[in-house]
Each structure stands twice: as structure tokens, then as C-alpha cells.
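The values are calculated or read from the model by the stated rules, or taken from the named source; none is laboratory data. Predicted model, so just to flag it, every value in this text is computed and none were measured. So basically every Cβ, Gly included, is an ideal-geometry build from the backbone, and we count neighbours across all protein chains shown.
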Amino acid sequence: MGIKVVKFGGSSLADAEQFRKVAEIVKADPNRRYVVASAPGKRYSDDVKVTDMLYRCYELARNREDISEYYRQIAERYNSIIRELGLNFDITGELEYIKNGIQHHTGRDFAASRGEYLNSLILAKYLGFSFIDAESVVCFRENGTYDGEKTDALMREELKNHPYAVIPGFYGVMPNGTIKTFSRGGSDITGSIVAAAAEAELYENWTDVSGFLMADPRVVKNPRPIRTVTYRELRELSYMGATVLHEEAIFPVRNAGIPINIRNTNEPDAPGTMIVSTSSSYDADTVITGIAGKKGLSVITIEKDMMNAEIGFGRRVLDVLEDHNISFEHLPSGVDTMSVVVSTASLDNQRERVIASINKSVRPDSIVCEDGLALIAVVGRGMVKAKGTAARVCYAISNADVNIRMIDQGSSELNIIVGVEEHDIEKALNAIYSEFVKG
Ligand code: ASP
């Protein structure tokens, strides 16, 4: 059995009780050799994450306010974990050093990163593992982008020195030595980086849900969990807003061919969701892997006779969008029409200018911009083999008395995208789910 890299999210390390569950999980399998830790998350629904508390502390210090009282609450989060675990571990010096740093404006990222730093120190002590500071192994370039090559080389070397170690997630170091964080939720990325460098057999990402669900549980009642999903399917679903894992976390492990297993710290026996590169098998029962929806879209429809004969037409339209820093989500087209789906927010304060520029650039017969569109992605690697999937999607939606504004089946036959009016999205999602998942 090869190495397993395990990452625990904030809710899995929110208090002493959660630490105990984490230790039990880690110790249950000696292959779980490298542990990546988040900062303490919420203990109950209206609790505040330590990362958010640190950001707040930084803001207070910036406004030259006294942080003592607020910082005391952060210190207490850690001290109570140490106390309740019965650890003989004094972090007073660390806490003072960090407070000083925040008071002297060492940087917003420095402040935020200390959440994972302290939690990892405590976890390493509790597990009896080495502590590897992310600052010495995760590197960013001068321009702030993540430096994968340098990191991989340093990480590989460092891991060789430690058979068992805890590494804080979320942050790394700039060439000038200052701390820089990934975007929020970035510990997932650190876990993936460590897994790739350790040439792990598996990257286990432990969180507070038992994997991905086939649909958003706020919309569809009790959706089934997904047992296996490919990286490409997941990209299609996550683009639509199904987030359990940081979007960028899949790249290091995907390139190395390492599967990710999403697991639940509070339900360690549940198998969770396996994310794999390819899978020839699929659930013949459901055909589809998952459904996701996204609201807040606008469609710009451009018509021009003989458009299809005009070389460069599409490029000129997209050039205008690029000039206005707008990325397009979809591009359904006809012979003489081209529709561009963009997020409504991206048109804010520049809608008229964008339309005028397209008018000027391609001289269309008409151009209309409509808001209130929602897209639904029906995703499944099984679709290639199962006949009639698109028909079933359309049938289900029309039976629910919902009008389809557009439909687009990706050439990879991995997904079908359906556009509906925003106010119909819940109805449409439920109709599709019930069509494919019986009982
Ligand atoms: N603690 C950081 C956050 O709250 C990073 C992470 O948990 O992944 O975003």
C-alpha cells in the first residue's frame, strides 16, 4: 500500500473533540503519513472561523484600533484545544509573536495564515508527527502566482526527511520572504501539492459532508451521493457552483494521476466520493453523475443574414468581450445567429458600451441582450453509451411545464447544458433529477 496524504478542513479541526476524531482517523491507517491542516472552522452554524477572526484582527490593527480583546478570543480557541486534549504544550510565545506581527502590520496574508500555522503545530504535537512549515516548501513567484516547479522540488526533498508530518495548508512564501496565501479554501490546494510531491497513492480530503451529492440538497430533497466522478465531470459540475473542493485543487493530483477521496470526519465509515482520471464504469441505473444549476446569466443574441459566410465574425464579437474583460460561458449558434451567454454581473456599468462596440465591429441586423437566464448542466460520463439521454432531459423539463430557452450538448458527450428562465430553475432541476433517479 502506498502513501496517503490526508487533508482536514476547518470544521474537522474546529475543537478538541474534532481533533480526537482526526487523530483516530490518521492513526487507523499507517499509510496516512502526511497531514495537511486547515485553521479551526465553525463549531456551530453561527460560529466564526478563525481565519475570518484573523482577517478582522488585521483590519482592526490597520485602523489603529486595539486588537487585544479580539485577539484574546483567537488565542482562547487554540488554548482550549490544547487544554481539552490534555497536551503539555505552551504556545504563549507563538501567540505573542503573531499578535505583535499583526499590530505592526506584517501583512494581511501573514495574519490569515497563522490560523493554519498554529493549528498544525498543535496537531503535529498531538499526533507525534513532525511539523513542516509551509513557508519553507510552498513558493510563489514575484508576480504572486504559485510556483509549482520550485515547490515540488523543495517539498520532495523535505518529505524525505520526515516519515510522518503535518503541514499547514493555505499559505506559502514569496521570493522576498513574506507570507502569501492561496485564495479562500486554499488548504485543499496544499493537500493536492503534498500528495503529488509524495507520489501518494491517494489524496484523502476530509470534510463535513460524505462526498458530493448528485444535486444541490437545498433544491432537491435528499439527493443521492456520488460514489465516483471523473475530474472532467467534476469540472463541469463545479463550474456550475457545486463546491466542496477548491477548484484549483484538482490540478496537481490530476497531473500525477492520483485519485482524490472526499470523506466525512463525522462519518468516517462512509465511503465518500472518489474523484478519478477516467472510469469506464458508470451507474447504469442513473446514467447521469450529477446535475448543477447556475443563475444570473444574460444572453446577447446577434443576428445577421449570411453570417455563416462572413469569416472572422465570431472572433470579432469575442474580441469586443475580451476588450471589456468579459469571459463568455456559452456560445450556442445558428446559421445566421450567434448567442453569447455571459454573467449578468460582468455587464455591470458597461452594457451599453459592449453592445455599441459589437454593433460597430460586426454591423449586425439585430442585437438583443436579455437577462434572467439560468443554465443547468446535466453531467455524466455514461451519456456517451446511453441512448436518449437528451430526449429524457427535454421530456422531463417540458413535463414540468418549463420552457427550454436553449440546449447544447457538448461534443464530448459528457454534459448537456439547458438554458431556462431563472425562476424555473428549481422546477427544472427537480424534474431532471426525478427522471433519472427513481425511487
Ligand atoms: N482557512 C482558510 C479559509 O478559511 C483556508 C482553508 O480552510 O482552506 O479559507
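Tabulated results
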read-out: Hits in segment 265-289 (condition: away from the ligand (no atom under 16 Å from the Cβ), touching a Phe, Trp or Tyr at 6+ places or on another chain (Cβ under 8 Å) and among the polar types (S, T, N, Q)); value: Thr273, Ser277, Thr286, Thr289
read-out: Positions within segment 176-210 being more than 16 Å from the ligand (Cβ to nearest atom) and either over 20 Å from Ser113 (Cα atoms) or aromatic (Phe, Trp, Tyr) (or both), in sequence order; value: Ala196, Ala197, Ala198, Glu199, Ala200, Glu201, Leu202, Ser210
read-out: Scope segment 251-279; condition of a type in the set (Val, Ile, Thr) and either closer than 14 Å to Val5 by Cβ or part of a strand (DSSP E or B) (or both); matching residues; value: Val253, Ile258, Ile260, Ile262, Thr273, Ile275, Val276
read-out: Flag if Thr151 is among the hydroxyl-bearing types (Ser, Thr, Tyr), modelled with pLDDT of 95 or more and away from the ligand (no atom under 16 Å from the Cβ); value: yes
read-out: Pairs with Cβ under 8 Å, 6+ apart, first in segment 6-23 and closer than 12 Å to Asn266 by Cα, second assigned to a helix (DSSP H, G or I) and of a type in the set (Val, Ile, Thr); value: Phe8/Val22; Ser12/Val22; Leu13/Val22; Phe19/Ile81; Phe19/Ile122
read-out: Single residue of Asp47, Asp29, Asp52 found to be within 16 Å of the ligand (Cβ to nearest atom), assigned to a loop (DSSP other than H, G, I, E, B) and either modelled with pLDDT of 95 or more or in contact with a Lys or Arg (Cβ under 6 Å, 6 or more places away or on another chain) (or both); value: Asp47
read-out: Single residue of segment 32-44 satisfying the filter (touching a Phe, Trp or Tyr at 6+ places or on another chain (Cβ under 9 Å) and assigned to a loop (DSSP other than H, G, I, E, B)) that is nearest to Glu76 (Cα to Cα); value: Pro40
read-out: Scan of segment 244-294 for residues that are farther than 23 Å from Ser183 by Cα, surrounded by fewer than 15 Cβ atoms within 10 Å (Cβ to Cβ) and within 18 Å of the chain's Cα centre (by Cα), ordered by number; value: Ser277
read-out: Those residues of segment 30-53 which are hydrophobic (A, V, I, L, M, F, W, C) and under 16 Å from Ile81 (Cβ atoms), in sequence order; value: Val35, Ala37, Ala39, Val48, Val50, Met53
read-out: Checking Tyr282 against (1) assigned to a loop (DSSP other than H, G, I, E, B); (2) free of Cβ contacts under 8 Å to residues at least 24 places away in the same chain, the condition it does not meet; value: (2)
read-out: Selection from segment 323-363 of residues that are among the hydroxyl-bearing types (Ser, Thr, Tyr) and more than 27 Å from Val418 (Cβ to Cβ); value: Ser357, Ser361
